[in-house]
């Protein structure tokens, strides 16, 4: 938790600003002890970088094709190889879920999962506000369940918790 100063109570109404934070990730909580009106406690959830934010929101809404398109825009111009690999992994995961859920094409989805995991496996455990380690393991589980014929769409991982 961080302490957010508010002179006028604007934070209580949801109009506060914290440098580097996406306001959608902030939860205002009343303090457990008096602060003399000097502030509120704020829980900060994952702050997604601009590289992945819109795509993550679309992905979590089940709009896999649109997430793919949002990430591809960044991937096309990204020069950092680690970030390019990360984006390409996300793009391929989104494409795999689109193939699986929308197109009902399990074989192409399985191939895309394998390609995506090969890229995500060499990425750091966390990037751009995403727990990459947890996400790739959830994707790996989905891919394994697909191969075993037990895929359950309710197990599709979310990028923002």
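Summary of computed values
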| quantity | calculated |
| --- | --- |
| Residue tally, condition farther than 13 Å from residue 127 by Cβ and either modelled with pLDDT under 80 or surrounded by fewer than 22 Cβ atoms within 10 Å (Cβ to Cβ) (or both), over segment 51-63 | 7 |
| Test: residue in segment 59-82 that is part of a helix (DSSP H, G or I), in contact (Cβ under 8 Å) with a residue 60 or more places away in the chain and closer than 24 Å to residue 155 by Cβ | yes |
| Residue check, residue 66 touching a helix residue (DSSP H, G or I) at 6+ places or on another chain (Cβ under 7 Å), surrounded by fewer than 20 Cβ atoms within 10 Å (Cβ to Cβ) and at pLDDT below 95 | no |
| Given (1) out of contact with any helix residue (DSSP H, G or I) (no Cβ under 7 Å at 6 or more places or on another chain); (2) farther than 17 Å from residue 49 by Cβ, index of the condition residue 73 fails | (2) |
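The rows are residues; the columns are (1) assigned to a helix (DSSP H, G or I); (2) surrounded by fewer than 18 Cβ atoms within 10 Å (Cβ to Cβ).
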| site | (1), (2) |
| --- | --- |
| 108 | yes, yes |
| 114 | yes, yes |
| 119 | yes, no |
| 133 | yes, yes |
| 136 | yes, no |
| 143 | yes, no |
| 159 | no, no |
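The values are calculated or read from the model by the stated rules, or taken from the named source; none is laboratory data. Worth saying up front: this structure is predicted, and the values here are computed from it rather than measured. Because the Cβ atoms are built from the backbone with ideal geometry, glycine has one as well, and the counts that use them run over all protein chains shown.
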